[in-house]
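Here is the structure we will look at, set down as structure tokens.
The values are calculated or read from the model by the stated rules, or taken from the named source; none is laboratory data. Note that the structure is predicted; figures quoted are calculated from it, not measured. Backbone-built Cβ (ideal geometry, glycine too); neighbour counts: all protein chains shown. Accessible surface is based on the protein model in full, side chains and every heavy atom, while ligands, DNA and RNA are left aside. Shrake-Rupley method; radii C 1.70, N 1.55, O 1.52, S 1.80 Å.
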Amino acid sequence: MANELKIKGYDYIEFYVGSAKMWAYWHAKAMAFKIAGYCGPETGVKDKTSYYLVKNKLKFVVTSAIKPSNYEIASFVERHGDGVKRWSLIVENVQEAFNLAVKNGGIPVRNPKRLEDENGYLEEAAIKLYDDAEIVFINRDNYKGIFKPGFGKPIQKISITTQDTGLQEVDHVVGNVRINEMNLWENYLNKTLNLETFLEFGAGDISTQYSALLSKVVRSKNGGGIKNPINEPYEGKKKSQIEEYIDEYLGSGIQHIAISTDNIIATIKALRENGVEFLTVPNAYYDLLKEKKLSKMIIEDIEELRKYGILCDTEGKGYLLQLFTKPISDRPTFFYEIIQRREGAEGFGQGNFQALFESIERDQVARGTFDKE
Ligand SMILES: [Fe+2]
């Protein structure tokens with residue numbers, strides 16, 4: 001039976017960070033999230049603070065330890081810097097999904113647990129992913145409160161003026177892993193979540209003259225909408241951007257989250273006005289795109305795409321528009337992708353890899369990554 005875990009899609013994504021309040025402000029100002037919930041000493045939780053951020057279907061949580069005794073959070077941030085701790089999947093039945101995942105090789109992290117308060121109850125369980133991350137199974141059908149028990153309305157009186165970004169929902173979540181780990185995690189995700197390998201990029205498929213990587217994409221077999229590319233460094237003349245991530249993050253973890261929009265030009269315009277930094281795309285890219293436009297029905301004005309530096313991949317079915325932020329925190333690790341799929345495009349921007357990686361390499365040169373052999 002397909003999709004036996006009865007996954008209905010992504011639910012929340014939680015980041016462990018050095019300063020949750022600052023992360024909440026940044027997401028509110030730069031990305032136009034609403035700070036919809038808060039958990040901390042004022043709501044009865046003594047050793048951490050969390051801010052619940054929402055935007056259309058996006059549910060993000062940013063969490064910081066406020067006491068070193070909260071070792072789980074403090075040690076994660078000390079080692080990895082700010083990063084994604086867990087992403088979650090909505091399932092019909094948490095106990096059944098967890099049991100099945102573990103039976104199929106999932107490494108249990110937290111057994112199913114019911115969390116309740118006066119607003120009802122929700123159920124959660126988690127299995128391991130990569131070094132220090134988790135995949136959470138959640139069902140919140142019987143909970144009417146803000147996010148989870150322990151959360152309340154934000155106590156801060158935060159009023160932020162910002163340009164609306166129109167960000168919609170999580171499109172895909174990407175992991176970076178060490179050499180020889182890609183197949184291991186591909187197998188793990190396919191078996192435990194009943195996913196399938198959808199795309200594979202082998203040696204030479206994704207490379208510039210300096211650096212290279214391997215990549216596989218696993219996704220839901222029927223609906224569910226789960227898409228998870230996994231990248232591994234590959235030998236090149238210089239250090240791969242994946243290797244740089246592993247070095248800086250001190251291990252394998254989540255590299256980026258792609259967020260969808262229905263109007264990427266308006267979204268990127270707003271994000272830029274809000275101060276978000278993006279990778280730069282060379283001018284020549286758009287001259288080439290003008291030629292491609294003749295063979296594909298690209299409805300966007302190429303000059304508009306050039307103006308906002310948006311990438312357009314015409315490979316395969318339909319076409320997709322995308323752009324990548326620079327790493328959003330201090331280490332060159334986690335970043336966001338903004339994506340719009342047109343006419344059933346299913347790819348991940350493989351036609352853009354060359355232009356994109358050359359852009360990343362310019363930043364790597366500035367960071368001195370290429371000096372280290
Ligand atoms: Fe992506």
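Descriptive notes on the structure:
- Of the residues making up region 253-286, those that are within 30 Å of Asp131 (Cβ to Cβ) and small (Gly, Ala, Ser) are Gly253, Ala258, Ser260.
- Residue within region 325-332 that is touching a Lys or Arg at 6+ places or on another chain (Cβ under 8 Å), assigned to a strand (DSSP E or B) and within 16 Å of the ligand (Cβ to nearest atom) present: no
- Annotation: of all residues in region 243-279 being surrounded by 20 or more Cβ atoms within 10 Å (Cβ to Cβ) and of a type in the set (S, T, N, Q), the one that is farthest from Pro327 (Cα to Cα) is Thr261.
- Evaluated against (1) touching a residue at least 60 places away in the same chain (Cβ under 8 Å); (2) touching a Leu at 6+ places or on another chain (Cβ under 9 Å); (3) farther than 21 Å from Ile246 by Cβ; (4) not acidic (Asp, Glu), Leu199 falls short on exactly one condition, (2).
- Where Glu235 falls short, out of the listed (1) farther than 23 Å from Glu346 by Cα; (2) of a type in the set (Asp, Glu); (3) modelled with pLDDT of 90 or more: (3)
- Selection over region 242-273 of residues that are polar (S, T, N, Q) and more than 16 Å from the ligand (Cβ to nearest atom) gives a count of 2.
One line per residue, one yes/no per condition, for (1) in contact with a helix residue (DSSP H, G or I) (Cβ under 6 Å, 6 or more places away or on another chain); (2) assigned to a loop (DSSP other than H, G, I, E, B); (3) surrounded by 14 or more Cβ atoms within 10 Å (Cβ to Cβ):
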| position | (1), (2), (3) |
| --- | --- |
| Leu122 | no, no, yes |
| Ile127 | yes, no, yes |
| Ile155 | yes, yes, no |
| Ser159 | no, yes, no |
| Thr162 | yes, yes, yes |
| Gly175 | no, no, yes |
| Asn180 | no, yes, no |
| Tyr188 | no, no, yes |
| Lys191 | no, no, yes |
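- Selected residue (only one of Glu358, Glu346 is acidic (Asp, Glu), under 11 Å from Val281 (Cα atoms) and either assigned to a loop (DSSP other than H, G, I, E, B) or open to solvent by 30 Å² or more (accessible area, probe 1.4 Å) (or both)): Glu358
- Index of the failed condition, Leu89 passing every other in (1) open to solvent by 30 Å² or more (accessible area, probe 1.4 Å); (2) within 17 Å of Leu129 (Cα to Cα); (3) in contact with an Asp or Glu (Cβ under 8 Å, 6 or more places away or on another chain): (1)
- Some residue of region 159-167 being closer than 28 Å to Thr261 by Cβ, within 16 Å of the ligand (Cβ to nearest atom) and either under 19 Å from the mean Cα position of the chain (by Cα) or of a type in the set (D, E, K, R) (or both): yes
- Residue in region 306-323 that is among the hydroxyl-bearing types (Ser, Thr, Tyr), touching a residue at least 24 places away in the same chain (Cβ under 8 Å), over 17 Å from Tyr249 (Cβ atoms) and not in a helix (DSSP H, G or I) present: yes
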